[in-house]
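The values are calculated or read from the model by the stated rules, or taken from the named source; none is laboratory data. As the structure is a computational prediction, the values presented were derived from the model and not from experiment. Quick reminder, even Gly has a Cβ in these numbers, built from the backbone with ideal geometry, and neighbours come from all protein chains shown.
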Amino acid sequence: MRVSGTTPNLDARAQRPYLRAMALREILVVPHPVLKQVSKPVAVVDDALRVLMDDMLETMYEAPGIGLAAIQIGVAQRVIVMDLAREDEPKTPRYFVNPEIVWASDETLPYEEGCLSVPEYYDEVERPARVKLTYLNYQGEPVEEDAEGMFAVCIQHEMDHLDGVLFIDHLSRLKREQAIKKVKKLVRA
Ligand code: NI
């Protein structure tokens, strides 16, 4: 997920040649068919998965974005990275492996969302205002956590990615087509 007011960095590696080549991964954009895939649960949180999570985080920071699902870099595993810290705050990276929502509030929260896979398009989506989730953390330990506000919005947005759903899929068909058209134009430019 990304917040409005940030400029997309479509060719980050070319602009930052000093970054290690392994770290930055290409972010797929609509209408790439891989984004519609359903991701598979992770069997074990090991060093190989932590390398993936590190790369995802660096790719997300560089974009810049506040959340990224593995499928957005073409890896169909149920893994999400996130950092909701503001620019003037210390970084607070978070990792979610095999996340599940075990409870959602009836109360909803409308929020203007954006997505690194739908650059330069923002629109309002209404989701449950609060959720309870379970996941494995960076060390593979099970965690249960309550989410509200921006955290609730972002984790639901990212978990949609794991099921092949984009935030524009919550909008009307007309708006979705407009968004994809806008991205195609942006990529061509
Ligand atoms: Ni997204």
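Could you please let me know if PRO64 is surrounded by 12 or more Cβ atoms within 10 Å (Cβ to Cβ), touching a Lys or Arg at 6+ places or on another chain (Cβ under 9 Å) and in contact (Cβ under 8 Å) with a residue 24 or more places away in the chain? Show your work before the answer.
Details: surrounded by 12 or more Cβ atoms within 10 Å (Cβ to Cβ): yes; touching a Lys or Arg at 6+ places or on another chain (Cβ under 9 Å): yes; in contact (Cβ under 8 Å) with a residue 24 or more places away in the chain: yes.
Against the criterion (surrounded by 12 or more Cβ atoms within 10 Å (Cβ to Cβ), touching a Lys or Arg at 6+ places or on another chain (Cβ under 9 Å) and in contact (Cβ under 8 Å) with a residue 24 or more places away in the chain), PRO64 qualifies.
Got a sec? Which of GLU126, GLU177, GLU113 is surrounded by 15 or more Cβ atoms within 10 Å (Cβ to Cβ), among the acidic types (Asp, Glu) and at pLDDT 95 or above?
On the way: GLU126 fails: surrounded by 15 or more Cβ atoms within 10 Å (Cβ to Cβ); GLU177 fails: surrounded by 15 or more Cβ atoms within 10 Å (Cβ to Cβ).
When all the criteria are applied, what remains is GLU113.
Only residues in segment 29-58 that are within 17 Å of GLU141 (Cα to Cα) count as the first member; pair them with residues that are at pLDDT below 95 and assigned to a helix (DSSP H, G or I), Cβ under 9 angstrom, at least 6 apart or cross-chain, and list the lot.
Sorted first by the residue in segment 29-58, then by its partner, the list stays empty.
When you scan segment 84-110, how many residues do you find that are among the basic types (Lys, Arg) and within 13 Å of the chain's Cα centre (by Cα)? Give the derivation first.
Let us first name the residues in segment 84-110 that are among the basic types (Lys, Arg), namely 86, 91, 94.
This time we only want the ones that are within 13 Å of the chain's Cα centre (by Cα), so: 94.
Adding up the residues that qualify gives 1.
Can you tell which of VAL75, VAL30, VAL81 is surrounded by 15 or more Cβ atoms within 10 Å (Cβ to Cβ), within 16 Å of the ligand (Cβ to nearest atom) and under 12 Å from the mean Cα position of the chain (by Cα)?
After ruling out the rest, the residue left standing is VAL81.
Yes/no matrix, rows are residues, columns are (1) farther than 27 Å from VAL44 by Cβ; (2) within 12 Å of the ligand (Cβ to nearest atom):
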{"site": "LEU133", "(1), (2)": "no, no"}
{"site": "GLU144", "(1), (2)": "no, no"}
{"site": "VAL165", "(1), (2)": "no, yes"}
{"site": "VAL183", "(1), (2)": "yes, no"}
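With the requirement that a residue be within 16 Å of the ligand (Cβ to nearest atom) and of a type outside the set (Phe, Trp, Tyr), what does segment 98-118 give you? Let's see the steps before the verdict.
Step one: of segment 98-118, the residues within 16 Å of the ligand (Cβ to nearest atom) are 99, 111-118.
Answer for segment 98-118, where residues must be within 16 Å of the ligand (Cβ to nearest atom) and of a type outside the set (Phe, Trp, Tyr): PRO99, GLU112, GLU113, GLY114, CYS115, LEU116, SER117, VAL118.
Collect the residues in segment 146-157 that are away from the ligand (no atom under 16 Å from the Cβ) and buried (at least 16 other Cβ atoms within 10 Å of the Cβ), keeping them in residue-number order.
ALA147
Output yes when any residue across segment 20-27 is part of a strand (DSSP E or B), more than 17 Å from ARG78 (Cα to Cα), at pLDDT 65 or above and within 16 Å of the chain's Cα centre (by Cα), and no when none is. Working first, answer last.
Of the residues in segment 20-27, the ones part of a strand (DSSP E or B) are none.
Within segment 20-27 (the criterion being part of a strand (DSSP E or B), more than 17 Å from ARG78 (Cα to Cα), at pLDDT 65 or above and within 16 Å of the chain's Cα centre (by Cα)), the answer is no, since none of the residues qualifies.
Answer with yes or no whether PRO64 is under 13 Å from ARG2 (Cα atoms) and away from the ligand (no atom under 12 Å from the Cβ).
yes
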